[in-house]
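Notes follow the structure.
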Amino acid sequence: MLSRQISETELSWRLLYTKPHAEAWVDLNLRKQGYSVLLPRIATRSGFASLFPRYIFAGFNDEQSARPLQSTLGVLYVVHCGDRPARVPLAVIAEIRSRMDSHGVVSLEPSPTPDPLFAKRERERVRALVQLARAGYRVISA
């Protein structure tokens, strides 16, 4: 029997909460069961780490049951919204994938460096407010 290739848009995605440092193990266990997996990583000084520690995304099609996700080795629970498993929108999965390279590493936008002049001015402003408050003036922050 020939199995047809499933497109990403035909998958339903769930978010799983894993045991500590078990994301790669869960990834392997889910793939062995035939699920699609999204485990975004970031580069760190010591190697690679999960972008969302203890969380992993699992995708499945209509022909698969979501029930085995809960009992997969390394999974603590399927994240719920109320009494139902939370569905991860395809747009979220697509956005994460768009930021990943071919090795699954996400490139994060660098955080802007603080302006040292602004930081100095802010410290001076706080010092002035503290001095006014100590002198008995009522200080109202706007």
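Figures for the structure shown
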| read-out | value |
| --- | --- |
| Filtered residues of the stretch 102-125 (kept if surrounded by 10 or more Cβ atoms within 10 Å (Cβ to Cβ) and either among the aromatic types (Phe, Trp, Tyr) or free of Cβ contacts under 8 Å to residues at least 24 places away in the same chain (or both)) | Ser107, Asp115, Ala119, Lys120, Arg121, Glu122, Arg123, Glu124, Arg125 |
| Of all residues in the stretch 24-57 being under 15 Å from Val105 (Cα atoms) and in contact with a Gly (Cβ under 8 Å, 6 or more places away or on another chain), the one that is surrounded by the most Cβ atoms within 10 Å (Cβ to Cβ) | Leu38 |
| Which listed residue, of Ala133, Ala66, is surrounded by 10 or more Cβ atoms within 10 Å (Cβ to Cβ) and closer than 18 Å to Leu30 by Cα | Ala66 |
| Matching strands (runs of 3 or more DSSP E) fully within the stretch 25-142 where at least 3 residues are within 18 Å of Ser12 (Cβ to Cβ) | 36-38, 55-60, 75-78 |
| Residue within the stretch 1-21 that is among the basic types (Lys, Arg), over 30 Å from Glu109 (Cβ atoms) and assigned to a loop (DSSP other than H, G, I, E, B) present | yes |
| Selection from the stretch 69-100 of residues that are surrounded by 10 or more Cβ atoms within 10 Å (Cβ to Cβ) and of a type in the set (D, E, K, R) | Arg87, Glu95, Arg97, Arg99 |
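Where a number appears in this text, it was derived from the coordinates with a stated rule and is not lab data. Note that the structure is predicted; figures quoted are calculated from it, not measured. Here Cβ is always computed from backbone atoms with ideal geometry, including for glycine, and neighbour counts include all displayed protein chains.
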